[in-house]
Each structure stands twice: as structure tokens, then as C-alpha cells.
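Notes to accompany the following structure.
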Amino acid sequence: MKKKIQIGAAGLALFVAGFALAQAPEQDVGRRHPNLAAAQQYCRQAFDAISAAQQANEGDLGGHAQRAKQLLDQASHELKEAAEYSSHHGH
């Protein structure tokens, strides 16, 4: 019984750590690039919806939701890079 409690506590700690590490995607594309800024906003909305799904399912989504959130963060970063590239190349 004591071992089950320890395993459960360790699992909960990992779950909470996963939430702490997953930060919402940045929204830092400027007004000069409204389409890229809108895409970045959609990444944030999707991220928030996934977070709600994780809470509703007590995080039991097989790690797939967490991976999706990481990919959304990466996509948001790429959108910022695209905006910077466009700005630096006179577009």
C-alpha cells in the first residue's frame, strides 16, 4: 500500500512538472505582419484549448497533448522568425 502511494505521488509530481515546463507560446509578432500575428494568436488559442483538455482528463492523454503543445510553441516561434525575416528583407 505504501509503495502505491509513493508511486502515485511521484506520478503526480511529474504531471505537475510537465505543466510547469509547458509555457504558452509567445505572441510577439508585431502589427506590421497582421497575418502572421493572427496565426500566432491561433497557436495560443489551440494551446489554451489543449491545456483545458488536459485538466478535464487529469492529464491522462498519453503525452500526446503535451507534445502538441510543444509543437504549437515551436510553430509560434517560427512565425516570429518569419516576421523578422520579412522585416529585414524589406517586405
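Can you name the residue in the stretch 22-50 that is touching a residue at least 24 places away in the same chain (Cβ under 8 Å) and polar (S, T, N, Q) and, of all such residues, is surrounded by the fewest Cβ atoms within 10 Å (Cβ to Cβ)?
Gln23
Are there any pairs with C-beta distances below 8 angstrom linking a residue in the stretch 68-81 that is closer than 14 Å to Ala49 by Cβ to a residue that is surrounded by 15 or more Cβ atoms within 10 Å (Cβ to Cβ) and among the hydroxyl-bearing types (Ser, Thr, Tyr), with the two at least 6 apart or on different chains, and if so which?
Filtered contacts from the stretch 68-81: Lys69/Ser51.
Would you be able to tell me the number of residues in the stretch 18-49 that are at pLDDT 80 or above, part of a loop (DSSP other than H, G, I, E, B) and more than 22 Å from Gly90 (Cβ to Cβ)?
Total satisfying the criteria: 2.
Please give the number of the condition Asp73 fails out of (1) in a loop (DSSP other than H, G, I, E, B); (2) under 20 Å from Glu26 (Cα atoms).
Going through (1) in a loop (DSSP other than H, G, I, E, B); (2) under 20 Å from Glu26 (Cα atoms) one by one, Asp73 breaks only (1).
The values are calculated or read from the model by the stated rules, or taken from the named source; none is laboratory data. Please read all numbers here as calculations on a predicted model, not as lab measurements. Glycine also receives a Cβ, built like all others from the backbone with ideal geometry; neighbour counts cover every protein chain displayed.
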